[in-house]
Amino acid sequence: MTVDTQSRADRVASVAFLVGEIPCAPFIAALINGVAARRTVIVVGSERSGKRLDVFGANVSVERCPQSRLGRVRYAAGCLLRLVGRGSLELEPLWRFIMKNGRRRAFSRLLYALPILLHRPEIVHVQWAKALHRTMELRELYSFAIVLSLRGTHISSSPLGDAELLREYQQDFPGVHAFHAVCHAIEADAVALGALPDRIRVIYSGIDEAVLALPLMQLRTELRPLRILSVGRIHWRKGYHRALDAIGQLVRTYQVEYRIIAGSPDDELLLQLHDLGILESVHFEPAMSQTEVMEQMRTKADVLLVPSMGEGIANVAIEAMALGLPVVATHCGGMPELIDHGRTGLLCDPWDVHSMVDALKSFADMPLDRREEMRTNARDEIAATRRLDGLVSAMQVLYDEAMVRSQREKL
Amino acid sequence: MMRQWCVARGKSSNVNAEKPFIGLVLALAPRYSETFLTAKVQGLRDNGYEVAVFVGSGEGGPGIYRALGIAKSTPVRSVVMSGFAWTMLLLRRPGRVWRFIRSERALGRGPVEIAQRMAAYYHVLMHARSGWLHFGFTALAVGAESLASAIGSRMGVSLRGYDIAMYPLKHPGSLADLWSKVDKVHTISDDLTLTARRHGMPASIPVVKITPAVDLEFFQRRTPHVAKEGALRIVTVSRLHWKKGIEYVLMALKELSVAKPNIAWTYKIVGDGAELERLAFAAAEMGLSDRVSFSGKQKQEAVRELYEQADCCVQYSVQEGFCNAVLEAQAMELPCIVSDAEGLPENVGEDGVVVPRRQPEMLANALAAVAVLPVDVRKEKTLAARKRLEAKFNVERQREAFAEFFKINRGVR
């Protein structure tokens, strides 16, 4: 029995990545491309309008569900025709699946099921936990192994405000074959939600060799103004409201230029900007491609501020450290696993403005050689522990484990 | 669609031409549960006014006229609806159409925009009589500046907290046309008047402050307050919205736990809203979950019961035009700690504690001070607050003030 399951896993099972939206986040795209070197890979998601171009390699099949209603109908019809053409359409179980939550949800469930049925991957890797429940239900159509990535909001805060989601997690987590945790902190959250500890592997995000090979820019001697940069969508978890409170205090004694690459501020941040009188010092800038962001980090900033209230591990902090930009981050989620306070960056309390102000002040007052030492330590740390190839190979092992568990279940 | 028009047209025949007319423009139709608003409308009717309510959407009812909802329709429906609106207006209200177009041209608006607005405000142009046209908040009046003059009415607008504080920040300069047309402004606090002035409201426009009222008969203690040794039972009744500053309260409580570990505080938050996840997360991350509870939205009776059992009320908003919950807490003889956001200091008066906003450590100090307030001082302060409410925030006074607000209109047009 063991030999048989082992041999099946050796055949290198195909993986479908459920990414939510396409184009997906760059760190997920990098993982997908890495995995595709060894396996058949399918990416499934909804089309999203946006500037970022697709970043998937030629050997990745992409199933992109259109945004428009007409486009969706055409897409569904196309998928159905392909299934009929192959003679692999089993109407009765599909009908049961799509009608499970009533007629109103039927079409969206059909769209969910079709790309998976078309490709029949042996492993489905769910990137965002909120999509897990529906994916588990898909197993009524055919059996596949389920891998779930444990990432930020979906695990550590969403269930706190949504009792139904919490119930679904508690029901579904024990049935997941393997978990990919982005840090140890989120591993603990998942266990509390019912994930089996021996099925979780902490696999840190990795950075491309090319980024580590970029030459370091020269640090500025005089930090006047102190050029602070933050990157990431506008969301309360990103803690920009805390950062603005900190800037409000910092501008009393320091010359500060704070740029946030995130898009326009929401009402809360807009009011805060006016309330604190820091319109001159803070600039919200439109979202950029990863390459553009990296360029900004290398040339237009003295420090990256990650003011998050909660995080797995902020990928932007890994990138900054790899590029030689010093990081000041909040002590939340997996951030302390990335940053050794004082050696590879600075940490502060996300629930205490003074702590953030003090961290920024101590950075601003840091002599050049200390800053140089800190960023060198940070880059060395990333080079040693956060390489993309390491992430990919660890993920391949995780898939094999998931396959073995799934096969055992069948037997 | 047709049914809606017919209903609206049917109602217009009931208009009593003898009474002075007030048209209230609101975003949503008031539900029967919104006693505050329905009482206000009834108060005006009792004072001899004919009141019609013009709404963007919501339930219909006697004296309520709904917009056609063109913006939310499919393209085909909106073309048909607009065609209908233009035809009916041209046939039945040609004078108003002429004055509307003339006023809009004077404001520099193009023909397409004018045509769209005419259809969007069909319900007002068709059914309002001349008299007063009063907008529930400023953002509603933006784009509708020509309506009152087209109808031959005076134009009034109410300053509400969020609206006047946020709208001009998001749309700089958007209120200029409004200020050029409005005849009278109603505000709920002096601070909002200052905010409006900062956003260009000229001093020449008369402003009348009429605060919301509190049901003082309902919010009345049935049992005297009994302090629990070493305990501080804090309560906030509010929507879970970022502007309510509840995250800062949680930060203050964390501070209080460190600075004064002997104070056994508990914190109840009554209300629901989009920020539950954020606040529950904050409480959990700061290790306060076992002392903070989210009770969801509660009925008034339950809120009153909660006030009976509490030691103090906190409303630490970062933006607040006027807060009824604080007044209700004061009516229940609770010490109130509020932020200095807009209307809050005026709400609580001399007998409340005002803490600068976004300063959790200062809030923690204020909470610590309330925890050790001597019984007699507490009693003196809270009774004084209740007396002030009885004098200034009663329903009758508010009714009279509104009747007075629109009085200038009598016999003028």
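Within region A:97-152, the residues that satisfy the criterion of being in contact with a His (Cβ under 6 Å, 6 or more places away or on another chain) and of a type outside the set (A, V, I, L, M) are A:TRP128, A:LYS130, A:SER149.
Considering the conditions (1) assigned to a loop (DSSP other than H, G, I, E, B); (2) within 23 Å of the chain's Cα centre (by Cα), B:MET166 is excluded by exactly one of them, (1). For region A:104-124, the count of residues that are at pLDDT below 90 and either under 22 Å from A:VAL176 (Cα atoms) or assigned by TED's automatic domain parsing to the domain that holds A:MET309 (or both) is zero. Within region A:288-314, the set of residues being buried (at least 23 other Cβ atoms within 10 Å of the Cβ) and of a type outside the set (A, V, I, L, M) comprises A:PRO307, A:SER308, A:GLY310, A:GLU311, A:GLY312.
Of the conditions (1) closer than 26 Å to A:PRO286 by Cα; (2) within 14 Å of chain B (Cβ to nearest Cβ); (3) in contact (Cβ under 8 Å) with a residue 24 or more places away in the chain; (4) of a type in the set (Asp, Glu), A:ASP267 satisfies every one except a single condition; which number is it? Here A:ASP267 meets the rest and fails (3).
Among the residues of region A:295-306, is any away from chain B (no Cβ under 14 Å), under 26 Å from B:LEU250 (Cα atoms) and not in a helix (DSSP H, G or I)? Yes: region A:295-306 contains one or more residues that are away from chain B (no Cβ under 14 Å), under 26 Å from B:LEU250 (Cα atoms) and not in a helix (DSSP H, G or I).
Can you tell me which residues in region A:359-379 are under 16 Å from A:ALA246 (Cα atoms) and either touching a residue at least 24 places away in the same chain (Cβ under 8 Å) or within 14 Å of another protein chain (Cβ to nearest Cβ) (or both)? If the condition is that a residue be under 16 Å from A:ALA246 (Cα atoms) and either touching a residue at least 24 places away in the same chain (Cβ under 8 Å) or within 14 Å of another protein chain (Cβ to nearest Cβ) (or both), then A:ALA359, A:LEU360, A:LYS361, A:PHE363, A:ALA364 are the ones that fit.
Summed over region B:124-142, residues that are of a type outside the set (Ser, Thr, Tyr), under 20 Å from B:ALA52 (Cβ atoms) and surrounded by fewer than 24 Cβ atoms within 10 Å (Cβ to Cβ) total 7.
Would you be able to tell me the number of residues in region A:310-331 that are within 14 Å of chain B (Cβ to nearest Cβ) and at pLDDT 95 or above? Total meeting the criteria: 2.
Here is a check on your reading of the model: is B:PRO172 part of a loop (DSSP other than H, G, I, E, B) and within 14 Å of chain A (Cβ to nearest Cβ)? Answer is yes for this residue.
Within region A:246-257, not a single residue is farther than 25 Å from B:TYR248 by Cα, buried (at least 17 other Cβ atoms within 10 Å of the Cβ), in contact (Cβ under 8 Å) with a residue 40 or more places away in the chain and more than 14 Å from chain B (Cβ to nearest Cβ). In region A:120-163, the qualifying residues are those that are among the polar types (S, T, N, Q) and more than 16 Å from the chain's Cα centre (by Cα), and the one that is nearest to A:ASP189 (Cα to Cα) is A:THR135. For region B:154-169, a residue qualifies if it is away from chain A (no Cβ under 14 Å) and over 17 Å from B:ALA106 (Cβ atoms), and the qualifying residues are B:ARG154, B:GLY156, B:VAL157, B:SER158, B:LEU159, B:ARG160. Restricting the search to region A:262-291, which residues are acidic (Asp, Glu) and in a loop (DSSP other than H, G, I, E, B)? Across region A:262-291, the qualifying residues are A:ASP266, A:GLU280.
Would you point out which residue out of B:VAL79, B:VAL51 is in a strand (DSSP E or B), more than 15 Å from B:SER146 (Cα to Cα) and assigned by TED's automatic domain parsing to the domain that holds B:PHE135? Exactly one residue qualifies, and that residue is B:VAL51. On inspection, B:GLY321 does not qualify as within 14 Å of chain A (Cβ to nearest Cβ), surrounded by fewer than 24 Cβ atoms within 10 Å (Cβ to Cβ) and out of contact with any Pro (no Cβ under 8 Å at 6 or more places or on another chain). Among the residues of region A:228-245, which ones are surrounded by fewer than 18 Cβ atoms within 10 Å (Cβ to Cβ) and touching a strand residue (DSSP E or B) at 6+ places or on another chain (Cβ under 7 Å)? Hits for region A:228-245: nothing passes. Just one of the numbered conditions (1) within 14 Å of chain B (Cβ to nearest Cβ); (2) closer than 30 Å to A:ALA145 by Cα; (3) of a type outside the set (Gly, Ala, Ser); (4) part of a helix (DSSP H, G or I) is not true of A:ARG408: (1). Screening A:ARG233 with (1) closer than 30 Å to B:GLN319 by Cα; (2) assigned to a helix (DSSP H, G or I); (3) without any contact (Cβ under 8 Å) to a residue 60 or more places away in the chain gives one miss only, at (2).
Going by the structure shown, is A:ARG167 in contact with a His (Cβ under 8 Å, 6 or more places away or on another chain), surrounded by fewer than 18 Cβ atoms within 10 Å (Cβ to Cβ) and closer than 26 Å to A:HIS133 by Cα? It is false that A:ARG167 is in contact with a His (Cβ under 8 Å, 6 or more places away or on another chain), surrounded by fewer than 18 Cβ atoms within 10 Å (Cβ to Cβ) and closer than 26 Å to A:HIS133 by Cα. Suppose we filter region B:184-204 for residues that are buried (at least 18 other Cβ atoms within 10 Å of the Cβ) and in a loop (DSSP other than H, G, I, E, B); how many remain? Of the residues in region B:184-204, 4 are buried (at least 18 other Cβ atoms within 10 Å of the Cβ) and in a loop (DSSP other than H, G, I, E, B). Filter region B:366-412 down to the residues that are among the aliphatic types (A, V, I, L, M) and within 18 Å of B:PHE322 (Cβ to Cβ), then identify the one that is modelled with the lowest pLDDT. So the residue we want is B:VAL395.
The values are calculated or read from the model by the stated rules, or taken from the named source; none is laboratory data. Computed from a prediction, not measured in an experiment: that's the story for all the values here. When we count neighbours, we look across all protein chains shown, and the Cβ atoms used for this are built from the backbone with ideal geometry, even at glycine.
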